[in-house]
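Engineer: Encoded as structure tokens, here's the structure I'll be asking about.
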Amino acid sequence: MRNIWDISRPLTKELAPWPGDTPFRYELTWCLSQTCSVNVGALNTSTHNGTHADAPFHFQGEGAAIDSVPLENYIGPAVVIDLVEKFSRTQPSIAIADLEHALPQIAETRRVLLKTNCFPDPTRFPDWIPVLNSEAITCLRELRVVLLGVDVPSVDPIEAKVLPNHHALALGKIAIIESLDLSEIEAGVYQFAALPLKIVGGDAAPVRALLWRD
């Protein structure tokens, strides 16, 4: 029997957006009644609310938009690496040493999901997050990783202005997924899928992220 885990964060009005960004809103514009045969909803949201894929266009003016990213990066084997309770505000850097035990699985799957549990309450935006240092990103590029997923709102520090990690990952053609929910997932290798919506010209898109084992 196949076990499937949904590792997407629910999109609700309580979800905390990036400070200053557009919050998620859903409302029924048509309501089922004696005079209306359907319910129809409307969305108003930032593309970066909830679990989402960043496109290079998000941080590079000439970068690819989300409708033209290679979809094969978002489907296939992935390794979940448990880094819970390893980091703090004063030591937020994820180094090669933190990934070393999983290097064989990283090389095998080429998709890496980092579990930190540093964004436990989606209604409260964090004021700091752990992020990979430059040496760790270089290591992922050397291992030909095609996707990095994190359970925090960004692959760069909250206060970052130039987004060096976004650029370094793009240089290695590594797809980015942010704000996963890995809180109930054990470390190990899984099958993974998280396809971004086909928003033409989009800087990012929501995904429904899944893990499974046969």
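Engineer: Please report, in Å, the Rg and the Dmax of region 120-194, where both are computed over Cα atoms only.
Structural biologist: 13.0, 37
Engineer: Name the most mobile residue of GLY149, GLY20, GLY50, meaning the one with the largest mean-square fluctuation, in a Gaussian network model of the chain with Cα contacts below 10 Å.
Structural biologist: With Cα springs under 10 Å in the chain, the top fluctuation among GLY149, GLY20, GLY50 is at GLY20.
Engineer: Search the structure for amide H atoms under 5 Å from the amide H of ALA175, placed 1.01 Å from N in the peptide plane, and list their residues when 5 or more places away or on another chain.
Structural biologist: Result for ALA175 returns LEU147, LEU148.
Engineer: Which residue, CYS31, PRO70, VAL150, has the largest displacement toward the positive end of the dipole of region 3-213 when charges sit on each Cβ (Lys, Arg +1; Asp, Glu -1)?
Structural biologist: CYS31
Engineer: Using a Förster distance of 25 Å, how high is the FRET efficiency between ARG213 and SER93, based on the Cβ-Cβ distance and rounded to 0.05?
Structural biologist: Values: r = 31 Å, r/R0 = 1.26.
It comes to 0.20.
Engineer: Report relative contact order for region 3-213 in percent, whole number only (criteria: Cα-Cα under 8 Å, sequence separation at least 6).
Structural biologist: Details: 466 pairs, mean separation 65.4, N = 211.
Answer for region 3-213 is 31 percent.
Engineer: Need the full-extension length gain, ALA160 to TRP18, defined as separation in residues times 0.36 nm minus the C-alpha distance. One decimal, nm. Provide the component values of the computation, followed by the final result.
Structural biologist: Working: separation 142, 0.36 × 142 = 51.12 nm, distance 1.29 nm.
Going from the current span to full extension adds 49.8 nm.
Engineer: Length gain on complete extension for the stretch VAL40 to ASN117, per 0.36 nm per residue less the alpha carbon to alpha carbon distance?
Structural biologist: 24.2 nm
Engineer: Give the aspartates and glutamates whose C-alpha is closer than 16 Å to that of LYS13, dropping any in the same chain fewer than 8 places away, or say none.
Structural biologist: Output for LYS13: ASP21, GLU27, ASP121.
Engineer: Using only the Cα atoms, what convex hull volume per residue in Å³ does the chain have? Before the final figure, lay out each step's value.
Structural biologist: Values: hull volume 30.4 nm³, N = 214.
Given the Cα convex hull of the chain, per-residue volume reads 142 Å³.
Engineer: Here's something else I'd like to know. With label points built 7 Å along Cα→Cβ from the Cα atoms of GLU186 and TRP30, find their separation and express it in nm.
Structural biologist: Those two pseudo-labels are separated by 4.7 nm.
Engineer: I need SER88, SER179 ordered by Cβ neighbour count within 10 Å, fewest first. Write out the running numbers ahead of the final one.
Structural biologist: On the way: SER88 10, SER179 24.
Starting with the residue having the fewest Cβ neighbours, the order is SER88, SER179.
Engineer: Taking the Cα centre of region 3-213 as origin, work out the dipole magnitude from +1 charges on Lys and Arg Cβ and -1 charges on Asp and Glu Cβ, in debye rounded to 20.
Structural biologist: Details: 16 positive and 25 negative charges, 68 e Å.
About 320 debye.
Engineer: Just to confirm the filter: which GluC sites (Glu not before Pro) across region 135-189 are DSSP coil and have at most 12 other Cβ within 10 angstrom of their Cβ?
Structural biologist: Working: sites: GLU135, GLU142, GLU159, GLU178, GLU184, GLU186; in loops: GLU159, GLU184, GLU186.
The qualifying sites are GLU159, GLU184, GLU186.
Engineer: Something else about it: Hey, which lysines would be in cross-link range of LYS173, C-alpha to C-alpha under 24 Å, not counting anything within fewer than 8 residues on its own chain?
Structural biologist: Reachable lysines: LYS115, LYS161, LYS198.
Taken together, the values in this text are just the output of simple stated rules run on the coordinates, not laboratory data. Please read all numbers here as calculations on a predicted model, not as lab measurements. All Cβ positions, glycine included, derive from the backbone under ideal geometry; neighbour counts span all protein chains shown.
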